[in-house]
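*Asks:* Shown below is the structure under consideration.
The values are calculated or read from the model by the stated rules, or taken from the named source; none is laboratory data. Model, not experiment: these values are computed from the prediction. Note that each Cβ is placed from the backbone with ideal geometry, even for glycine, and that neighbours are counted across all protein chains shown. These accessible areas exclude ligands, DNA and RNA; they are computed on the full protein's heavy atoms, side chains included. Shrake-Rupley method; radii C 1.70, N 1.55, O 1.52, S 1.80 Å.
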Amino acid sequence: MNNRQYISISICFLIIISLTIYFFVTPVLTNAKSVTIVLDAGHGGSDPGARGPGGLKESAVNLSVVLKLKQLLEKAGARVYLTRSGNYYVSLKQRAAIANKVGATRYISIHHNSASSSLVNGTETFISRRASRTAYDLAYKVQKSLVGVLKKTNRGVKRAGFYVITYSRMPAILIEPSFISNPAQAAQLRSPAYQAREAAAIFAGLRDHMRLSRSYDKLGIEGSSLESTSLYFPHVIDKKSVWRSYISLTSSQQCEATLNFYNSSGNLINQSLRAVEANKRYTYYPKDLIGRDFDGSVVITSTKPLVGNLRLSNRNCLGTMTSQVPSSSISFAHVVDIKRKHTSIVSINNTGDTDTLTTIKLYKNNGVLVKEKTISLSPHRRYSFYPRKLSGKNFDGNIIIQANTSSITGYLGQYNINRKGFGMIGNPSSANDVYFPNVSDGRVWNSFVSIRNQSNALNPISIDFYNNANTLIISKQKSIPVNGAYSFYPRRLTKLSFDGFIVVRGNDLISACMGQTYAKKSSLGLVEAGTSSNQLNFTDLRDGAGWIGLTSIINTDTTAVSIDNSFYNSDGSLFKNYSYNLAPLLRYGISPFANFGSSFSGSAKITNPNSAILGTYSQSN
Ligand SMILES: [Zn+2]
């Protein structure tokens, strides 16, 4: 094998690995509590089922896989019933009756295949002859997942008259992941690790399938946080009966942090000194610290660099954003404030020690000025406005805020229709090239991307759409006028539902943001476009126990980079550390629960030596 062959094979291998990983991390999880799954371990007792080499019994392997799958499902919040939990005989009629009696949502029967020729191998999944579309969807997704993980011959989804899938009244499948009669597969089937892979693959397929019935009423998306000895949160509300907010922080070094709480007039109303242990993740609810409702801004200073983010939620909504860096200019590429539809609120905060003169400009997307207002902000004073009220009419455009000091931070909070979803972002960085690592726009999710021209001349941009296999699907060109912005639904430009990442390259500076909603408009996540870095920090990751947390990373360089990942539990102990090589313009996703099989709450630090990565984190219920 020459070197060149080796490289292309390695790249193929990387792509396959990445696809497999991405398959696992489709942001879905079985909906807690309302899901009841019956797991049926085929055969048992006097009926051992098929026999493998060395007397391996199918009934025993079936039960091992079922017990592992049960654990995964229960961790994800599903209620699980078994048709048998040991090595004893249960009739087919009894098995279906158990499922009907408990009112199961889904029925999954696990078997292992046998053929007269020991050469036969592969994976197949059965549904009944009169199976519903839902049963087919379940079978299809589980089969796809098993084939992706086990890499056996895909024998497909088939219809058959097996008793248990015919007479159980809910969507039901019978799976034959591997052939026990094939000596190589039988050897694998003896290993608990392989049994666990089968269980994890079935779980991932089921999770993918169950998203059809999820509500996704909460969604938060954020970029990675910057390490700094000063963290700024321009707009924090913590009122027990309405909005609850908490700030999370972590540091890779032991240090002392000072939390400063300012009311919206700029008065310091509380100061709290906290010891911070290395890699431990801390969360603070302002109301709990201060002892009364809080509506203002928070500044955290520290003796060593920290990272931090903010969560804001009420009964229906979740918003997330990272800590901010003061600047002389804040831009929001897309702000909508339309009566009885969308509501937006913008806040600016002067983090400096002197007064600052700040000019707020509201523009239409074609660059026409709608409203201009100049205000003076005293130190730590917060100014909030509704664009519709400021301009005196419905507003759908972009905003730029410029100050005569480099001390302002900004915040945009936005409700979607009927206030069912809420998203928030801070000031996006301006750059020529910006990236959205995880964009989904189709049947389940809708995304909306907005790009603002940050230069003083007409700014030609190209928008490149990449799918998860590193393939450039389409490239669109556009020119944005001065103070204008361009917004689009990816699916309208790609003419297909889109799932991948987007690279926007401007001739000059641009800033950008993305809104994502569940297709039923029950949630909204807002995120700023990212730029490349050598370090990504996610302060508050939650995956499992009712949450789906997904980090998405892309390599923006032209060569492969070595990426080091450290996930820390909230108590500071290491959850997982591993490295991998990521090919250029390829996306890599990690969902700790789906990838490692246990619930996770903590932080992540992802580094590479080339300053070539960027990432986002999304969380939904
Ligand atoms: Zn069987």
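*Asks:* Only residues that are part of a loop (DSSP other than H, G, I, E, B), in contact with a Ser or Thr (Cβ under 8 Å, 6 or more places away or on another chain) and open to solvent by 60 Å² or more (accessible area, probe 1.4 Å): list them for region 47-90, please.
*Replies:* Answer for region 47-90, where residues must be part of a loop (DSSP other than H, G, I, E, B), in contact with a Ser or Thr (Cβ under 8 Å, 6 or more places away or on another chain) and open to solvent by 60 Å² or more (accessible area, probe 1.4 Å): ASN87, TYR89.
*Asks:* Can I ask one more? Run down GLN516, GLN535, GLN477 and say which single residue is without any contact (Cβ under 8 Å) to a residue 24 or more places away in the chain and either in contact with a helix residue (DSSP H, G or I) (Cβ under 6 Å, 6 or more places away or on another chain) or under 18 Å from PHE436 (Cα atoms) (or both). Can you show your working first?
*Replies:* Working: GLN516 fails: without any contact (Cβ under 8 Å) to a residue 24 or more places away in the chain; GLN535 fails: without any contact (Cβ under 8 Å) to a residue 24 or more places away in the chain.
Being without any contact (Cβ under 8 Å) to a residue 24 or more places away in the chain and either in contact with a helix residue (DSSP H, G or I) (Cβ under 6 Å, 6 or more places away or on another chain) or under 18 Å from PHE436 (Cα atoms) (or both) holds for just one of GLN516, GLN535, GLN477, which is GLN477.
*Asks:* Would you please name the residue that is surrounded by the fewest Cβ atoms within 10 Å (Cβ to Cβ), looking only at residues in region 32-46 that are more than 16 Å from the ligand (Cβ to nearest atom) and within 21 Å of ALA201 (Cα to Cα)?
*Replies:* Filtering region 32-46 for residues more than 16 Å from the ligand (Cβ to nearest atom) gives 32-38.
From what's left, within 21 Å of ALA201 (Cα to Cα): 32, 35-38.
Working: ALA32: 14, VAL35: 21, THR36: 18, ILE37: 25, VAL38: 27.
Step by step, filter region 32-46, then rank; the result is ALA32.
*Asks:* One residue is enough: does region 250-263 have a residue meeting the conditions in contact with a Phe, Trp or Tyr (Cβ under 8 Å, 6 or more places away or on another chain) and part of a loop (DSSP other than H, G, I, E, B)?
*Replies:* Checked against the condition, which is being in contact with a Phe, Trp or Tyr (Cβ under 8 Å, 6 or more places away or on another chain) and part of a loop (DSSP other than H, G, I, E, B), region 250-263 yields no hits at all.
*Asks:* Continuing with the same structure: Go over the candidates LEU509, LEU493, LEU472, LEU526 one by one and state the one that is closer than 28 Å to SER313 by Cα and either more than 16 Å from the chain's Cα centre (by Cα) or not polar (S, T, N, Q) (or both). Break it down into steps so the answer makes sense when it comes.
*Replies:* Numbers: LEU509 fails: closer than 28 Å to SER313 by Cα; LEU493 fails: closer than 28 Å to SER313 by Cα; LEU472 fails: closer than 28 Å to SER313 by Cα.
Just a single option satisfies the conditions, and that option is LEU526.
*Asks:* Additional query: In region 106-130, which residues are surrounded by fewer than 21 Cβ atoms within 10 Å (Cβ to Cβ), small (Gly, Ala, Ser) and farther than 22 Å from LEU67 by Cβ? Working first, answer last.
*Replies:* Pass one, region 106-130, residues surrounded by fewer than 21 Cβ atoms within 10 Å (Cβ to Cβ): 114-122, 129-130.
Applying the additional criterion that residues be small (Gly, Ala, Ser) yields 114-118, 122.
Selection gives ALA115, SER116, SER117, SER118, GLY122.
*Asks:* Something else: Test each condition in (1) assigned to a helix (DSSP H, G or I); (2) closer than 24 Å to PRO48 by Cα; (3) touching a residue at least 24 places away in the same chain (Cβ under 8 Å); (4) more than 14 Å from the ligand (Cβ to nearest atom) for ILE165 and report the one that comes out false.
*Replies:* (4)
*Asks:* Here is a further query. Looking at (1) farther than 25 Å from ASP543 by Cβ; (2) of a type outside the set (A, V, I, L, M); (3) in contact with a helix residue (DSSP H, G or I) (Cβ under 8 Å, 6 or more places away or on another chain), find the lone condition where LYS75 falls short.
*Replies:* (1)
*Asks:* Between a first residue in region 107-122 that is among the aliphatic types (A, V, I, L, M) and a second residue that is away from the ligand (no atom under 14 Å from the Cβ) and part of a loop (DSSP other than H, G, I, E, B), which pairs have beta carbons less than 8 Å apart while being 6 or more apart in sequence or on different chains?
*Replies:* Final answer for the pair search is ALA115/ASN182; LEU119/ASN182; VAL120/ASN182.
*Asks:* Quick one: which residue in LEU150, LEU174, LEU138 is in contact (Cβ under 8 Å) with a residue 40 or more places away in the chain and under 20 Å from ALA97 (Cβ atoms)?
*Replies:* It is LEU174.
*Asks:* For region 598-617, name all the residues that are open to solvent by 20 Å² or more (accessible area, probe 1.4 Å) and either assigned to a strand (DSSP E or B) or of a type in the set (Val, Ile, Thr) (or both). Before the answer, list the steps.
*Replies:* As a first pass, look at region 598-617 and keep what is open to solvent by 20 Å² or more (accessible area, probe 1.4 Å): 598-599, 601, 605, 607, 609-611.
Selection gives SER601, LYS605, THR607.
*Asks:* Out of region 55-73, which residues are of a type in the set (Lys, Arg) and within 12 Å of the ligand (Cβ to nearest atom)?
*Replies:* As a first pass, look at region 55-73 and keep what is of a type in the set (Lys, Arg): 57, 68, 70.
LYS57 - this is the single residue of region 55-73 that is of a type in the set (Lys, Arg) and within 12 Å of the ligand (Cβ to nearest atom).
*Asks:* Still on this structure: Filter region 113-139 down to residues that are assigned to a loop (DSSP other than H, G, I, E, B) and over 34 Å from the mean Cα position of the chain (by Cα), then give me how many there are.
*Replies:* Residues of region 113-139 assigned to a loop (DSSP other than H, G, I, E, B): 114-122, 129-132.
Retained after the next criterion (residues that are over 34 Å from the mean Cα position of the chain (by Cα)): 114-121, 129-130.
Final tally of qualifying residues: 10.
*Asks:* Can you say whether GLN271 is touching a strand residue (DSSP E or B) at 6+ places or on another chain (Cβ under 8 Å), open to solvent by 20 Å² or more (accessible area, probe 1.4 Å) and part of a strand (DSSP E or B), as far as the supplied structure shows?
*Replies:* Numbers: touching a strand residue (DSSP E or B) at 6+ places or on another chain (Cβ under 8 Å): yes; open to solvent by 20 Å² or more (accessible area, probe 1.4 Å): yes; part of a strand (DSSP E or B): yes.
Here the answer is yes, as GLN271 does meet what is asked.
*Asks:* Which ones in region 304-336 are assigned to a loop (DSSP other than H, G, I, E, B), touching a strand residue (DSSP E or B) at 6+ places or on another chain (Cβ under 6 Å) and open to solvent by 10 Å² or more (accessible area, probe 1.4 Å)?
*Replies:* Those that are assigned to a loop (DSSP other than H, G, I, E, B), touching a strand residue (DSSP E or B) at 6+ places or on another chain (Cβ under 6 Å) and open to solvent by 10 Å² or more (accessible area, probe 1.4 Å): SER323, PRO326, SER328.
*Asks:* Within the bounds of region 433-441, is there any residue that is over 30 Å from ILE590 (Cβ atoms) and assigned to a strand (DSSP E or B)?
*Replies:* no
*Asks:* Go through region 168-197 and give me each residue that's part of a loop (DSSP other than H, G, I, E, B), within 13 Å of the ligand (Cβ to nearest atom) and of a type outside the set (S, T, N, Q). Break it down into steps so the answer makes sense when it comes.
*Replies:* Initial filter on region 168-197 (part of a loop (DSSP other than H, G, I, E, B)): 168-171, 177-178, 180-182, 190-191.
From the residues that got through so far, the ones that are within 13 Å of the ligand (Cβ to nearest atom) too are 177-178, 180-181.
The answer is PRO177, ILE180.
*Asks:* Something else now. Could you list, in sequence order, all residues of region 560-579 that are free of Cβ contacts under 8 Å to residues at least 40 places away in the same chain and among the aromatic types (Phe, Trp, Tyr)?
*Replies:* Once the filter is applied, which keeps residues that are free of Cβ contacts under 8 Å to residues at least 40 places away in the same chain and among the aromatic types (Phe, Trp, Tyr), region 560-579 yields PHE567, PHE575, TYR578.
*Asks:* Okay, next question. Mind telling me which of the residues SER224, SER230, SER241, SER213 ends up being closer than 30 Å to ARG381 by Cα, surrounded by fewer than 21 Cβ atoms within 10 Å (Cβ to Cβ) and either at pLDDT below 90 or aromatic (Phe, Trp, Tyr) (or both)? Before you say what the answer is, go through the steps one by one.
*Replies:* On the way: SER224 fails: surrounded by fewer than 21 Cβ atoms within 10 Å (Cβ to Cβ); SER230 fails: either at pLDDT below 90 or aromatic (Phe, Trp, Tyr) (or both); SER213 fails: closer than 30 Å to ARG381 by Cα.
Selected residue: SER241, the only one of SER224, SER230, SER241, SER213 that is closer than 30 Å to ARG381 by Cα, surrounded by fewer than 21 Cβ atoms within 10 Å (Cβ to Cβ) and either at pLDDT below 90 or aromatic (Phe, Trp, Tyr) (or both).
*Asks:* Which is of a type in the set (Ser, Thr, Tyr) and over 28 Å from SER430 (Cα atoms), of SER591, SER523?
*Replies:* Details: SER523 fails: over 28 Å from SER430 (Cα atoms).
Result: SER591 is the single residue among SER591, SER523 that is of a type in the set (Ser, Thr, Tyr) and over 28 Å from SER430 (Cα atoms).
*Asks:* Which residues, counting only those in region 80-121, are away from the ligand (no atom under 15 Å from the Cβ) and closer than 21 Å to ASP137 by Cα?
*Replies:* VAL80, ALA96, ALA99, ASN100, GLY103, ALA104, THR105, ARG106, TYR107
*Asks:* Kindly state which strands (runs of 3 or more DSSP E) lie completely within region 553-597 and contain at least 1 residues that are among the polar types (S, T, N, Q).
*Replies:* Details: elements: 561-569, 574-582, 587-590.
Result: 561-569, 574-582.
*Asks:* Out of all the residues in region 141-168, which are among the hydroxyl-bearing types (Ser, Thr, Tyr) and modelled with pLDDT under 90?
*Replies:* Step one: list which residues in region 141-168 are among the hydroxyl-bearing types (Ser, Thr, Tyr), which gives 145, 153, 163, 166-168.
Passing the criteria: only SER145.
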